[in-house]
């Protein structure tokens, strides 16, 4: 995929029957790259992210959510127009993925406000580092 073609970051849980993902977030919060972002592994125009575990009955842990948020922040910096969603939000899909206990509403609320603030702060810090006058 080229830069302008990436439109969505889709979140899945490990109980999802799909097999192709760009990133895997371990329960420890550690991120594993499974495929290049330029490679189509699932839906067109999507970066597919899977969290280890089944969130039908339990919520993901804080470390795992923080790992996911870190990946999403990086994606938002790389693809400013990227939208974030859960697999169950894909039109025509009959699934509860990323699970009934996954805090999708909280993640989406963060993506509309906190994510943008974090992205802007990271960009500002990058600019400051590049243009800070020498001592």
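The values are calculated or read from the model by the stated rules, or taken from the named source; none is laboratory data. Worth saying up front: this structure is predicted, and the values here are computed from it rather than measured. Glycine also receives a Cβ, built like all others from the backbone with ideal geometry; neighbour counts cover every protein chain displayed.
So residue 84 fits all but one of (1) at pLDDT below 90; (2) touching a helix residue (DSSP H, G or I) at 6+ places or on another chain (Cβ under 7 Å); what number is the exception?
(1)
Identify the residue in region 90-113 that is touching a strand residue (DSSP E or B) at 6+ places or on another chain (Cβ under 8 Å) and in contact (Cβ under 8 Å) with a residue 60 or more places away in the chain and, among all such residues, is surrounded by the fewest Cβ atoms within 10 Å (Cβ to Cβ). Walk me through how you get there before you give the answer.
Quick first cut of region 90-113, residues touching a strand residue (DSSP E or B) at 6+ places or on another chain (Cβ under 8 Å) only: 90, 97-99, 102, 104, 107-108, 111.
Narrowing the set further to residues that are in contact (Cβ under 8 Å) with a residue 60 or more places away in the chain leaves 90, 97-99, 102, 104, 107.
On the way: 90: 15, 97: 25, 98: 31, 99: 27, 102: 27, 104: 19, 107: 21.
Ranking the candidates gives 90 first.
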